[in-house]
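Student: Please see the structure below; I have some questions.
The values are calculated or read from the model by the stated rules, or taken from the named source; none is laboratory data. The structure displayed is predicted, hence computed values, not measured ones. Please note: Cβ atoms are built from the backbone with ideal geometry, for glycine as well, and neighbour counts cover all protein chains shown.
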Amino acid sequence: MFKLLKTDGQTKARLGQLRTVHGVIDTPIFMPVGTQAAVKTLDPRELRELGAQIILSNTYHLCIRPGMEVMEKMGGLHQFMSWPYPILTDSGGYQVFSLARIRKIKPEGVSFRSHLDGTALFLGPKEAMHMQKVLGSDIAMVLDECPPHTSTQRQLHDAVERTIRWAEHCRQQPRADGQLVFGIVQGAGRPELREQCAKALVSIGFDGYAIGGVSVGETEAEMMKAVEYTEPFLPANQARYAMGLGTPAQIVELVARGVDMFDCVLPTRIARNGAAFTRKGTVNIKAAYCKTDPGPIEEGCTCFACRTFSRAYLRHLINVEEILALRMISVHNCHMYVQLMTDIRRHIAQETFAEFRAEFAWTYVPSKNLRANKSIVAE
Ligand SMILES: [Zn+2]
């Protein structure tokens with residue numbers, strides 16, 4: 001399924017292709033996030049036009065609304081949302097551990113109450129894989145336990161044990177035709193736990209491996225370490241996916257550490273605050289200096305928003321709360337991420353990735369709030 005085309009000579013960056021039922025994706029790749037079976041404010045035509053090859057959707061949210069009965073009757077997620085291209089679904093584990101109320105962890109899964117209306121629900125390896133089979137995603141993720149960043153050594157150890165046991169059960173469940181299943185390495189910032197978890201998952205054998213338990217409140221340096229502790233134990237000939245990451249600068253750094261796949265809500269989330277990603281950092285379109293700025297969000301950008309509208313116009317739309325502003329900044333931000341990955345792949349192919357990485361780090365000014373995983377309000 002995964003073809004490793006090239007490994008960079010100076011970094012651990014890799015160029016590859018992953019074959020799925022709904023098409024081949026080029027790696028390194030960015031997956032826009034469609035939590036509720038929609039990438040916020042964008043339609044499938046816009047996503048294709050800006051170059052998205054694969055999107056991510058969240059099993060937990062779809063299980064709560066519209067529910068699996070509806071998903072089954074509607075013929076699965078691709079048909080339901082009119083996206084005939086690859087989709088990765090998570091297992092729901094992350095949301096159960098971060099969103100759901102009153103949860104009780106048992107050997108066979110987690111009892112919890114819906115964050116919406118308090119309905120009692122249960123999610124175990126069997127349920128997680130069954131729901132992803134109904135959704136019919138191209139890539140399913142195993143159920144894992146993602147413990148809080150502040151957990152004790154004992155809790156982290158137990159979470160790794162449970163993650164391995166659940167992964168084994170997930171591996172044995174029926175799946176949709178051709179559906180790939182990825183294991184998830186937990187172990188927080190502990191090298192010995194990361195090693196133990198990665199080795200156990202590799203011996204079970206999955207179609208790809210994710211690095212989980214990152215972007216859960218740790219610092220950027222700790223996050224990079226967690227990836228470095230995990231990567232050496234993952235097979236070279238299979239895809240590696242860093243879950244929930246990251247900013248453009250972090251993605252470039254993670255590619256250099258051997259990661260192939262990324263998903264992140266930032267491009268659409270910060271758009272809702274009027275903020276845009278550029279190659280030099282984030283720009284606040286609400287800022288006073290954009291009031292009469294006739295230029296696009298980013299000079300030289302080829303996205304529809306930049307080809308069509310000025311900063312002054314978008315700023316006006318934000319001020320009068322027109323939805324078009326959110327849509328256009330989302331188009332630009334997703335395009336920026338997708339285009340960044342295209343450039344990364346080109347540089348790996350041409351053996352100039354190390355230079356590109358150095359230049360990117362030099363030109364890109366990271367937002368302090370984003371680095372600290374806080375949402376941007378105004379900057
Ligand atoms: Zn643009």
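Student: Across segment 286-302, which residue is surrounded by the fewest Cβ atoms within 10 Å (Cβ to Cβ) among those that are part of a helix (DSSP H, G or I) and away from the ligand (no atom under 15 Å from the Cβ)? Before you say what the answer is, go through the steps one by one.
Tutor: Initially, segment 286-302 is screened for residues part of a helix (DSSP H, G or I), giving 288-290.
Applying the additional criterion that residues be away from the ligand (no atom under 15 Å from the Cβ) yields 288-289.
Values: ALA288: 8, TYR289: 10.
So, considering only residues that are part of a helix (DSSP H, G or I) and away from the ligand (no atom under 15 Å from the Cβ), the one surrounded by the fewest Cβ atoms within 10 Å (Cβ to Cβ) is ALA288.
Student: Among the numbered conditions (1) within 15 Å of the ligand (Cβ to nearest atom); (2) at pLDDT below 95, tell me where ALA372 comes up short.
Tutor: (1)
Student: Across segment 132-157, which residue is surrounded by the fewest Cβ atoms within 10 Å (Cβ to Cβ) among those that are in contact with a strand residue (DSSP E or B) (Cβ under 8 Å, 6 or more places away or on another chain) and aliphatic (A, V, I, L, M)?
Tutor: Among those residues, the one meeting the criterion is LEU135.
Student: Test PHE309 against the criterion of being within 16 Å of the ligand (Cβ to nearest atom) and either modelled with pLDDT under 95 or of a type outside the set (Val, Ile, Thr) (or both), and give yes or no. Give the steps one after another, and end with the answer.
Tutor: Details: within 16 Å of the ligand (Cβ to nearest atom): yes; either modelled with pLDDT under 95 or of a type outside the set (Val, Ile, Thr) (or both): yes.
Yes.
Student: Given the criterion under 18 Å from the mean Cα position of the chain (by Cα) and of a type in the set (S, T, N, Q), identify the matching residue among SER137, SER111.
Tutor: Details: SER111 fails: under 18 Å from the mean Cα position of the chain (by Cα).
So the residue among SER137, SER111 that is under 18 Å from the mean Cα position of the chain (by Cα) and of a type in the set (S, T, N, Q) is SER137.
Student: Please give the number of the condition LEU326 fails out of (1) within 15 Å of the ligand (Cβ to nearest atom); (2) touching a strand residue (DSSP E or B) at 6+ places or on another chain (Cβ under 8 Å); (3) not hydroxyl-bearing (Ser, Thr, Tyr).
Tutor: (2)
Student: Going through segment 257-285 one residue at a time, which ones are more than 15 Å from the ligand (Cβ to nearest atom) and over 17 Å from the mean Cα position of the chain (by Cα)? Outline the logic, then answer.
Tutor: Going residue by residue through segment 257-285, those that are more than 15 Å from the ligand (Cβ to nearest atom) are 257-266, 269, 272-273, 284.
If the condition is that a residue be more than 15 Å from the ligand (Cβ to nearest atom) and over 17 Å from the mean Cα position of the chain (by Cα), then ARG272, ASN273, ASN284 are the ones that fit.
Student: If I go through segment 303-350 residue by residue, how many of them are part of a helix (DSSP H, G or I), without any contact (Cβ under 8 Å) to a residue 40 or more places away in the chain and closer than 26 Å to ILE29 by Cβ?
Tutor: 7
Student: Can you pull out the strands (runs of 3 or more DSSP E) entirely within segment 198-280 that have at least 1 residues that are polar (S, T, N, Q)?
Tutor: On the way: elements: 208-211, 239-242, 261-264, 275-278.
Qualifying strands (runs of 3 or more DSSP E): 275-278.
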